[in-house]
Amino acid sequence: MVSPESAAVVDAAVTDAASHLGVSRDTLHVDQVEPRQWPDSSLGCPQPGQLYSQIVTPGFLIVISSGAHQLEYHSDDRTRVTLCTET
């Protein structure tokens, strides 16, 4: 599921998820990693009042779960990750 191309951003997302949830990385499960083309530099998670470069940004959709929590991260193709939704 985790390709060499996505390994760095998946690792960054797992580190952020562990910190965000206050749990050990060992309790997290990477459910999904899919390549995506985000329509701009917001990585598909625009924040109100922010301006973003209008350039297609390649990256990944990463879904991580821990117990009842599911976190959806969006990334670029390097190391930038952002928590987009939490359920």
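The numbers here are math on the coordinates, done by the rules we state, and not lab data. In this text the structure is predicted, and so the values were computed from the model without any measurement. All Cβ positions, glycine included, derive from the backbone under ideal geometry; neighbour counts span all protein chains shown.
What to note about this one:
- Residue in the stretch 35-69 that is surrounded by the most Cβ atoms within 10 Å (Cβ to Cβ), counting only those that are touching an Asp or Glu at 6+ places or on another chain (Cβ under 6 Å) and touching a residue at least 24 places away in the same chain (Cβ under 8 Å): Gly59
- Considering the stretch 22-43, and only residues there that are in a loop (DSSP other than H, G, I, E, B) and in contact with a strand residue (DSSP E or B) (Cβ under 6 Å, 6 or more places away or on another chain), the residue that is farthest from Thr79 (Cα to Cα) turns out to be Val23.
Matching residues to (1) touching a strand residue (DSSP E or B) at 6+ places or on another chain (Cβ under 9 Å); (2) part of a loop (DSSP other than H, G, I, E, B); (3) of a type in the set (A, V, I, L, M, F, W, C):
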| site | (1), (2), (3) |
| --- | --- |
| Ala13 | yes, no, yes |
| Ser19 | no, no, no |
| Cys45 | yes, yes, yes |
| Tyr52 | no, yes, no |
| Ile64 | yes, no, yes |
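- No other residue among Arg78, Arg25, Arg36 is in contact with a helix residue (DSSP H, G or I) (Cβ under 6 Å, 6 or more places away or on another chain) and of a type in the set (D, E, K, R) apart from Arg25.
- Of the set (1) touching a residue at least 40 places away in the same chain (Cβ under 8 Å); (2) not in a loop (DSSP other than H, G, I, E, B), all apply to Glu72 but (1).
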